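Below is one structure, written out as structure tokens; the observations come after it.
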Amino acid sequence: QVQLVESGGGLVQAGGSLRLSCAASGRTISRYAMGWFRQAPGKEREFVAVISWSDDTHYADSVKGRFTISREDAKNTVYLQMNSLKREDTAVYSCAAADQLGTPISPDLYDYWGQGTQVTISL
């Protein structure tokens, strides 16, 4: 079992930055693909970014060039650096772990999920 706990969310003005962290426990995540997803009120959960266990990355078009996913396996932690934030980035952000090769983008491929952290972007 892998437990995931997100942190770093909050309220920030448009154009600002936040860094989310996802701390894992229970098992090392070094051989897991780690993803970030988000869900805004009234909308479906959507893929944001993923990093494979070999450090390949993939991003949603809506965040490409603004968000950066990274991992620090020594700390069993994954990060999402979010820059140039927009109102439409407002959502609950969740991290997830997938026992998969490559960079899976479907939430159905993920085995473990955190509870999420709220990110709110104001004008």
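The values are calculated or read from the model by the stated rules, or taken from the named source; none is laboratory data. Not measured: the values here are computed from a predicted model. Heads up, the Cβs are rebuilt from the backbone with ideal geometry, glycines too, and the neighbour counts pull from every protein chain shown. Surface areas here come from the heavy atoms of the whole protein model, side chains and all, with no ligands, DNA or RNA. Shrake-Rupley method; radii C 1.70, N 1.55, O 1.52, S 1.80 Å.
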statement: Result for the chain: accessible area per residue, probe 1.4 angstrom, in square angstrom, of 51
field: Equivalent ellipsoid, the chain (semi-axes from 5 times Cα gyration tensor eigenvalues, Å)
entry: 22, 14, 13
task: For segment 46-123 and segment 1-38, compute the distance between their C-alpha centroids and round to whole Å.
output: 7
statement: Counting only protein heavy atoms with a 1.4 Å probe and every protein chain in place, the carbon and sulfur fraction of the accessible surface of the chain in whole percent equals 46
Estimated dipole of the chain in Debye, rounded to 20 [Cβ of Lys and Arg +1, of Asp and Glu -1, Cα centre]: 320
task: Sort segment 61-116 into rounded, prolate or oblate with this rule: let a ≥ b ≥ c be the square roots of the eigenvalues of the Cα gyration tensor; rounded if a/c is under 1.5, and if a/c is not under 1.5, prolate when a/b is larger than b/c, oblate otherwise.
output: prolate
